[in-house]
Amino acid sequence: KRQDFIFALIGEELGFVGAISLVMLFATLIYLMLKAATYARDDFGKYLAIGLTLSFALQIAVNLGGVTGTLPVKGLPLPFLSWGRSALLVNLFLMGVFLNIVRQSQAPPTAPRAAPRPPVGRQ
C-alpha cells in the first residue's frame, strides 16, 4: 500500500500553525460527530453514528501517526485531503450516512425566539 504524506506537506508549506490548525479542525469534527451521535433517534442510529465517528478518528490517527513516525505506515489516507478517488468517495458516502442520521435525530430543545421589537422613534 502507498502512504500519502499530505500532512507533512501541509506542515512544510503552512508551518506549525497550519499543521496544528488542521489537527484542531479534525478534533472539532470528531467532537461534533460524537455530540451529534448522542441525539440519534434510536440505538441503531446512535451506534452507527459512533462507529462512523470512530472510523474517521482511527483513520486520522493512523495517518498522522504514520506521517509523524510514531506509528508504522499503514497506507490509510487522511480523510477528505489525501489523493485517491475511491477513499474520497467512501468518506463522502459515510459522511452522507452520518448527516442523514443527524437530520433524523431529535435535536435538543431550543429557547423560543423573542418577538421583534418595533423600531424606536418611528410612529
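Can you tell which of PHE93, PHE16, PHE56 is modelled with pLDDT of 90 or more and surrounded by 11 or more Cβ atoms within 10 Å (Cβ to Cβ)?
The match here is PHE56.
Among the residues that make up the stretch 63-74, is at least one of them of a type in the set (Ser, Thr, Tyr), in contact (Cβ under 8 Å) with a residue 40 or more places away in the chain and not in a helix (DSSP H, G or I)?
no
Are any residues in the stretch 81-90 open to solvent by 80 Å² or more (accessible area, probe 1.4 Å) and either on the phi > 0 side of the Ramachandran plot or not in a helix (DSSP H, G or I) (or both), and if so, which ones?
Within the stretch 81-90, TRP83 is the sole residue that qualifies.
State all residues of the stretch 30-53 that are closer than 16 Å to GLN106 by Cβ, open to solvent by 20 Å² or more (accessible area, probe 1.4 Å) and among the small types (Gly, Ala, Ser); if no residue qualifies, say none.
The answer is ALA36, and nothing else.
Look at SER21 and say whether it is closer than 13 Å to MET95 by Cα and either surrounded by 13 or more Cβ atoms within 10 Å (Cβ to Cβ) or at pLDDT 95 or above (or both).
On the way: closer than 13 Å to MET95 by Cα: no; either surrounded by 13 or more Cβ atoms within 10 Å (Cβ to Cβ) or at pLDDT 95 or above (or both): yes.
No: the conditions fail for SER21.
The values are calculated or read from the model by the stated rules, or taken from the named source; none is laboratory data. Since the model is a prediction, treat every value here as computed from it, not as a measurement. All Cβ positions, even for glycine, are placed from backbone atoms using ideal geometry, and neighbour counts span all protein chains on display. Ligands, DNA and RNA are excluded from the accessible area calculation, which covers all protein heavy atoms including side chains. Shrake-Rupley method; radii C 1.70, N 1.55, O 1.52, S 1.80 Å.
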